[in-house]
Structures are given as structure tokens and as C-alpha cells.
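Asks: Sharing a structure here in C-alpha cells format.
The values are calculated or read from the model by the stated rules, or taken from the named source; none is laboratory data. Just so it is clear, the structure is predicted and the values come from calculations on it, not from any experiment. Heavy atoms of the whole protein, side chains included, go into the accessibility calculation; ligands, DNA and RNA do not. Shrake-Rupley method; radii C 1.70, N 1.55, O 1.52, S 1.80 Å.
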Amino acid sequence: QVQLVESGGGLVQAGGSLRLSCAASRSIFSFNVMAWYRQAPGNQRELVASITPGGSLNYANIVKGRFTISRDNAKYTVSLQMNSLKPEDTAVYYCSALVALTRYWGQGTQVTVSS
């Protein structure tokens, strides 16, 4: 079992920045892809960014150039730096880890961007 706990969400004005962190309950060294997803009211959950153990990155087109995902194996964390935030980035953000064939989810953290 793996527990994931997100932090860092909140309310920010458009153009501002937030940094989300995801802390895992054990070492992430052996984890496969770790990712951030988001879900806005009435929308499906969508992939925001992902990172492999080898450091390969993938971003949704809508956040490219604004968001940066990183992982720290020593600290068991994955972070999402979000810059130039827009009102349409408002959503609940979820951390996800793929461990072997099982996907784990955090409880989510709310990000609200005011115009």
C-alpha cells in the first residue's frame, strides 16, 4: 500500500504561482510514472504532467511552459510548480503513482485562481 498526501493548494490571483507537493508514505525510487491530474467541476479528471523514474517528462498542452513537475527520490516527494496561473486552472489537483500495476491516488488539493 502507498499513501499519497498533497499540499500547497490555495487561492491565488491570475498570473500568480503555486507549488504543489505530494508526499509518499514510502520510497518512490521503485515507483513507475508519477503524475499530477486535475478535475474541475463538471469535467473529467485530466492528466496535467507526469514524470518517469528516468526523468522523462510529459505535459498537457494547456500547461506547457507554465508548469514544471519534479521528483525527489530522497524525500519521497513529487512537486508541481505552477506559474502564470489562469482562472481555467481552477480545479482539484491529485497526485498519482503507478506502482507495478497498481495506481494510487492522493485525496486532492484545491487550487482556485481568481480573475
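Asks: From the list L98, L11, pick out the single residue that is modelled with pLDDT under 95, open to solvent by 30 Å² or more (accessible area, probe 1.4 Å) and assigned to a strand (DSSP E or B).
Replies: None of the other options fit; the residue is L98.
Asks: Suppose we filter S50, S84, S70 for residues that are part of a loop (DSSP other than H, G, I, E, B), of a type in the set (S, T, Y) and open to solvent by less than 80 Å² (accessible area, probe 1.4 Å); which single one remains?
Replies: Answer to the check: S84.
Asks: Within the group R19, R26, which residue is at pLDDT below 95 and basic (K, R)?
Replies: R26
Asks: Here is a follow-up. Tell me, please, whether a residue that is in a strand (DSSP E or B), open to solvent by 80 Å² or more (accessible area, probe 1.4 Å), basic (K, R) and over 14 Å from G106 (Cα atoms) can be found in region 16-37.
Replies: Yes, that holds for at least one residue.
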